[in-house]
1. Which residue, of A:Ala140, A:Ala164, A:Ala148, is in the same structural domain as A:Thr39 (by TED's automatic domain parsing) and either in a loop (DSSP other than H, G, I, E, B) or in contact with a Cys (Cβ under 7 Å, 6 or more places away or on another chain) (or both)?
2. With respect to B:Glu157, is the statement that it is closer than 22 Å to A:Pro73 by Cβ, of a type in the set (Asp, Glu), part of a helix (DSSP H, G or I) and more than 8 Å from chain A (Cβ to nearest Cβ) true?
3. Give the residue that is nearest to the other protein chains (Cβ to nearest Cβ), with candidates limited to residues of segment B:160-179 that are assigned to a loop (DSSP other than H, G, I, E, B) and surrounded by fewer than 21 Cβ atoms within 10 Å (Cβ to Cβ).
4. Please verify whether segment B:144-157 includes one or more residues that are over 27 Å from the mean Cα position of the chain (by Cα) and not small (Gly, Ala, Ser).
5. Restricting to segment B:189-198, what's the tally of residues that are touching a Leu at 6+ places or on another chain (Cβ under 8 Å) and either within 14 Å of another protein chain (Cβ to nearest Cβ) or at pLDDT below 90 (or both)?
6. Could you list, in sequence order, all residues of segment B:116-141 that are touching a Lys or Arg at 6+ places or on another chain (Cβ under 8 Å) and either assigned to a helix (DSSP H, G or I) or in contact (Cβ under 8 Å) with a residue 40 or more places away in the chain (or both)?
7. In segment A:222-236, which residue that is surrounded by fewer than 21 Cβ atoms within 10 Å (Cβ to Cβ) and among the aliphatic types (A, V, I, L, M) is nearest to A:Arg288 (Cα to Cα)?
Amino acid sequence: MTLYADVRVSRGAFDLALDLKIEPGEVVALLGPNGAGKTTALRAIAGLLPVDEGRVALDGEVWDEPPRVFRAPDRRPIGVVFQDYLLFNHLSALENVAFGLRARGVDKQVARGEAMRWLEAVGLASFARARPRSLSGGQAQRVALVRALATSPEVLLLDEPLAALDASTTLHVRAELGQHLGRFEGRTLLVTHDPLDAMVLADRLVIVENGRVVQEGRPTEIARRPRTDYVAQLVGLNLYRGNASGTTVALADGGTITLAEPASGPVHVAFPPTAVSLYVDPPSGSPRNTWPAVVTGIEQHAHTVRVRLSATPTGPETLLADITPAAVADLHLSPGQPLHATLKATEIHTYPS
Amino acid sequence: MSRRRRGTSGRLPLVLLLPALLGLAFLLVPLIGLLAKAPWSTLPSRLFSEDVWQALRLSLLCATLATLICLVLGIPLAWLLARASFPGRVLVRALVTVPLVLPPVVGGVALLLVLGRRGLIGERLDLWFGFSLPFTTAGVVVAEAFVAMPFLVISVEGALRAADPRYEEAAATLGAGRWLTFRRVTLPSIAPGVVAGAVLCWARALGEFGATITFAGNLPGTTTTMPLAVYLALETDPDVAVVLSIVLLLVSVVVLASLRERWISGLR
């Protein structure tokens with residue numbers, strides 16, 4: 001049974017129109033910047049927000065189809081993990097996990113036994129009596145996950161499940177979440193603004209900007225061939241649109257890039273910031289992609305320094321370059337400094353737009 | 001006084017301290033006067049007289065029943081005001097608080113006009129069921145509930161507005177219907193507000209005088225609650241009035257203090 005969600009919601013100036021399809025066992029990540037409409041889509045599928053137009057259905061079982069059909073959230077086979085978990089503070093961890101089964105009329109003892117097995121599965125059996133407030137962030141996240149899974153939902157909805165955790169716990173909890181999602185036989189929708197969460201946990205990414213899907217595909221595909229500036233920024237690539245003719249691409253925003261292999265027609269041109277080198281003096285031997293550029297920003301990353309450059313009249317309008325801290329010292333980099341940037345043509349990736 | 005240096009935070013401006021102490025005295029001096037005037041020598045014998053016990057029992061019974069009525073009707077009303085949206089909600093909300101500002105005597109008159117033997121509804125009750133509220137213990141409960149209910153409604157409504165409705169959404173996604181969600185999620189989360197409201201409500205009902213005497217009259221053993229007994233005694237035997245007042249004061253303080261201890265602090 002496949003989940004079909006054609007979600008159309010209008011809220012004043014904001015307008016969401018998303019078409020999603022999730023197969024059993026599949027994990028789909030809805031990835032996008034804040035305010036893109038990801039959570040709105042999740043709420044619509046959960047039934048917490050009726051769609052204005054469109055249709056939400058699990059195969060032939062229609063959940064929402066205005067104006068006739070609307071099935072309330074408590075009558076949909078779903079499990080939701082909310083961003084801040086929303087564990088019931090007046091109930092113990094065990095009672096939180098048993099809540100869904102109890103609401104479905106399962107006998108109290110049976111429900112508690114089942115909830116206990118779920119807590120054991122995430123290593124929290126000894127916290128069964130603990131109140132949510134006394135749990136750590138990672139523990140609360142796991143209780144929220146098994147509370148949603150305990151009712152054996154057909155559709156699991158995760159709203160930024162790792163956003164509330166601190167960096168040191170995220171790594172561990174993400175790996176564990178991945179294992180649970182791997183075992184889960186239903187359909188999973190993961191809403192996140194973190195590309196790493198999406199890349200690691202999802203089988204397929206759906207990227208949303210301003211209420212519209214801008215790109216969709218497997219994580220590797222998206223990481224190699226971004227189609228919008230937002231996606232390129234997420235995966236850390238320089239991305240340009242232009243018109244190719246032979247080995248020359250005339251960029252849409254002005255300037256040209258020379259390719260190693262010929263292409264033709266409208267193309268996307270992508271290359272990693274590591275393919276860019278910076279020099280104080282014009283490099284000798286004149287590589288084909290050499291442009292004058294001005295430093296606009298310098299950021300320290302783990303082992304490299306990312307340099308933002310602008311105003312290259314003969315090349316791209318803006319450019320990211322990754323160089324070593326040693327190179328920063330050699331170049332005496334500072335904002336406003338004029339430099340020469342060169343790009344290795346062999347590291348350029350071109351694909352039709 | 002020691003001349004220890006203290007930060008500015010520990011010092012109170014005199015402009016505030018003086019009226020604060022004056023206010024405290026204003027509240028406490030009458031109570032001290034009550035204790036000072038008490039006929040301590042004859043107190044035990046007066047205290048265990050049948051009249052005092054009768055009035056006290058009746059007061060406690062009626063205030064408790066009135067509070068129960070307020071809980072059963074007031075919590076759903078508070079929920080309606082906090083969560084539902086319907087035309088005229090602002091007006092309804094204002095009307096609910098009218099008994100707060102209405103002189104209780106006026107409330108009693110209004111109750112008589114509606115529930116009295118010749119009243120709009122009272123006439124039917126009498127005609128169909130041979131049942132009449134005024135001048136009965138049930139009438140006392142009705143009068144007290146009428147005056148005390150706004151205290152509960154306001155307190156519970158405030159708690160409901162402060163409660164995060166997303167917990168109710170979480171319950172819904174777990175398969176809980178609206179009634180189950182209300183019982184198992186909403187109500188426990190607003191419990192401190194409900195208890196605080198019920199305590200206020202009970203205290204107001206216990207002290208109710210105007211509406212009670214107007215609507216239910218003053219029949220010893222049936223409608224003479226403690227406040228009515230105090231007023232009655234003041235005209236015949238002021239010493240008894242003092243004794244009754246002290247008993248009422250003690251009961252109020254003991255009940256309020258113990259409830260506060262057990263519930264309000266325990267839930268935090």
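1. It is A:Ala164.
2. So B:Glu157 fails the test.
3. Within segment B:160-179, the match that is nearest to the other protein chains (Cβ to nearest Cβ) is B:Gly177.
4. no
5. As a first pass, look at segment B:189-198 and keep what is touching a Leu at 6+ places or on another chain (Cβ under 8 Å): B:190-195, B:197-198.
Filter again for either within 14 Å of another protein chain (Cβ to nearest Cβ) or at pLDDT below 90 (or both), leaving B:190-195.
Final tally of qualifying residues: 6.
6. Within segment B:116-141, B:Glu123, B:Asp126, B:Pro134 qualify.
7. Looking at residues that are surrounded by fewer than 21 Cβ atoms within 10 Å (Cβ to Cβ) and among the aliphatic types (A, V, I, L, M), I get A:Ala232.
Every residue, every condition in (1) of a type in the set (S, T, N, Q); (2) farther than 20 Å from A:Arg142 by Cα, yes or no:
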{"residue": "A:Leu181", "(1), (2)": "no, no"}
{"residue": "A:Leu189", "(1), (2)": "no, no"}
{"residue": "A:Asp194", "(1), (2)": "no, no"}
{"residue": "A:Leu201", "(1), (2)": "no, no"}
{"residue": "A:Arg204", "(1), (2)": "no, yes"}
{"residue": "A:Ile207", "(1), (2)": "no, yes"}
{"residue": "A:Gln215", "(1), (2)": "yes, yes"}
{"residue": "A:Thr220", "(1), (2)": "yes, yes"}
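The values are calculated or read from the model by the stated rules, or taken from the named source; none is laboratory data. Worth saying up front: this structure is predicted, and the values here are computed from it rather than measured. All Cβ positions, even for glycine, are placed from backbone atoms using ideal geometry, and neighbour counts span all protein chains on display.
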